[in-house]
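Asker: Structure in structure tokens, see below.
The values are calculated or read from the model by the stated rules, or taken from the named source; none is laboratory data. Keep in mind it's a predicted model, so treat the numbers as computed, not measured. Glycine gets a Cβ as well: all are built from the backbone with ideal geometry, and neighbour counts include every protein chain shown.
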């Protein structure tokens, strides 16, 4: 299916190396099917392969299968098309980034990674552990950060914000969007996590539950929660005694939050099962729901207004870029 034909078609490179690559990507498609030779889309003179679509969408497809079971296929097909659209946009941006030679220095990459660690309160070792759990190497992560920096620079290059971000403009935004300034109930939480993958066999999950129950027994015998978390908990929060700081609904997985917000300040849970493993949770403090005042939120409103304008203008620019490109989707 050809999406748009504004301007002449630029042919896909026919270098021998690309021909070999395309041959290696041949997929056995049903006769009359839409998918040919493992190519999901042609974007100007580049291609997006089916393997790229499936790699990018794998976590989404897994969640759909978990949620829909036997009825997952139509939802997966829809999700694959959405993932492909995102990859097309990324490819178009990469082409413009290459055209204007937009780069990210090693120093910029290092600074961005340090910011991530500081904002999440984790060490470099914690970051490496988290990446390993996600099946990502550190070099791959640096490459992801590089691309994000390049896209941010591209966004700044293409759009210039002009929206009124005065106090009066911020006050108008505050009054017109009251739902944005309702702060839900918060809980300061620490946890001990015995991690196990969602697809782990029953015996592995049973062993993990047993370890969590043993940790709970040690707590009930008087052992300090933070010190025990440092010894037995998995994940980047272990070094901080399992502390997650203050959380609100939507910050973590539902099963974890249901347990947290059913507890009182100072209480310790039983063993709580989630898709990432088994937890023992302690609620250190709780804060009730409240409305954030204008004075508290004024500066963040100004930043939000400027960012929203930039994102809207950038999306319009991206749509124009896509209109002028040759895009042929085969998925």
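Asker: Among the residues of region 59-78, count how many are farther than 14 Å from residue 198 by Cα, out of contact with any helix residue (DSSP H, G or I) (no Cβ under 7 Å at 6 or more places or on another chain) and surrounded by 14 or more Cβ atoms within 10 Å (Cβ to Cβ).
Answerer: Within region 59-78, residues that are farther than 14 Å from residue 198 by Cα, out of contact with any helix residue (DSSP H, G or I) (no Cβ under 7 Å at 6 or more places or on another chain) and surrounded by 14 or more Cβ atoms within 10 Å (Cβ to Cβ) number 0.
Asker: So which strands (runs of 3 or more DSSP E) stay within region 218-291 end to end and still have 2 or more residues that are under 25 Å from the mean Cα position of the chain (by Cα), in the same structural domain as residue 189 (by TED's automatic domain parsing) and touching a residue at least 24 places away in the same chain (Cβ under 8 Å)?
Answerer: In region 218-291, 243-247, 277-287 are the strands (runs of 3 or more DSSP E) which contain 2 or more residues that are under 25 Å from the mean Cα position of the chain (by Cα), in the same structural domain as residue 189 (by TED's automatic domain parsing) and touching a residue at least 24 places away in the same chain (Cβ under 8 Å).
Asker: Here is a further query. Residue 197 passes all but one of (1) surrounded by fewer than 19 Cβ atoms within 10 Å (Cβ to Cβ); (2) in contact with a strand residue (DSSP E or B) (Cβ under 9 Å, 6 or more places away or on another chain); (3) farther than 26 Å from residue 134 by Cβ; which number fails?
Answerer: Residue 197 satisfies every listed condition except (3).
Asker: Another question, if that's okay. I'm told residue 190 meets every condition in (1) free of Cβ contacts under 8 Å to residues at least 24 places away in the same chain; (2) part of a strand (DSSP E or B) except one. Can you identify the failing condition by its number?
Answerer: Failed condition: (1).
Asker: Only helices (runs of 4 or more DSSP H) wholly contained in region 62-179 count here; list those with 3 or more residues that are under 30 Å from residue 321 (Cα atoms), assigned by TED's automatic domain parsing to the domain that holds residue 52 and within 16 Å of the chain's Cα centre (by Cα).
Answerer: Ranges flagged: 72-99.
Asker: Give the residues of region 290-318 that are touching a helix residue (DSSP H, G or I) at 6+ places or on another chain (Cβ under 9 Å), under 26 Å from residue 48 (Cβ atoms) and surrounded by fewer than 17 Cβ atoms within 10 Å (Cβ to Cβ), sorted by residue number.
Answerer: 311, 317
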